[in-house]
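For reference, the structure is listed below as structure tokens.
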Amino acid sequence: VTTTIAKGLHQVYKLERYEKKKAVEAIFSEIKNLILDHDSLTGVHLGNADPKDVVLPTNLIVDDKAVNGKHVKYKARFIARGDLQKKADYAELSSQTVNTESVFILLAVAAAENRALAVIDVKGAYLNADMKTPGGRQTIVKIERDMAKMFVTVKPELAEFVDDTGRLYMRVDKA
């Protein structure tokens, strides 16, 4: 069971001492995952961005994951306000979820006819997808001051992309 314990840093700061410590650790883990492990975000100077690029505000969600009522871990998710994007600018990227019975029927037919099956890493393909739109627009996320400080703590080179208001702007290179 997953329970959201904070939406945004302001709620993280209001958590009790232990929960706050674990939530902040989860946030740093998520930031490291985004900018060190997967190279998903690249710092940009907003003044150098193309006027047709999309700038989205960001937020943070921290969840408490539990199994059988027992706490397992805290998980932070860095999210962009994609609801502000114009739907017409993006191709339809969703797909229907396959029915489990259909998979079992396919497996049974393949086994009966001695056929080979292959697996496609859809998640990996999605995570490495090019984030430019057909019109060449880039998606840029705006990271507010306190969160920007956390990003700079993880990767000090990002300090050059922090503006006078303390915000950090980053281009989304991968989903």
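The values are calculated or read from the model by the stated rules, or taken from the named source; none is laboratory data. Computed from a predicted model, the values in this text were never measured in an experiment. FYI the Cβ positions are ideal-geometry reconstructions off the backbone, even for glycines, and counts take in every protein chain you see. Keep in mind that these areas ignore ligands, DNA and RNA; they rest on the heavy atoms of the full protein, side chains included. Shrake-Rupley method; radii C 1.70, N 1.55, O 1.52, S 1.80 Å.
Quick look at the values:
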{"item": "Solvent exposure ordering (accessible area, 1.4 Å, most first) of E19, E101, E25, E30", "result": "E101, E25, E19, E30"}
{"item": "Neighbour net charge for H45 - beta-carbon separation under 14 angstrom, K R +1, D E -1", "result": "-3"}
{"item": "Cβ-based charge dipole, the range 1-46, positive-most Cα from L9, I35, L46", "result": "L9"}
{"item": "Cα Rg, Dmax (largest Cα-Cα span) when computed across the range 1-86, Å", "result": "15.5, 50"}
{"item": "The range 42-53 - phi-based ³J(HN,Hα) in whole Hz, Karplus 6.51/-1.76/1.60, Gly and Pro as x", "result": "10, x, 9, 8, 4, x, 8, 6, 6, x, 7, 5"}
{"item": "Local electrostatic count at K155 - Lys and Arg +1, Asp and Glu -1, tallied over other residues with Cβ under 15 Å", "result": "-3"}
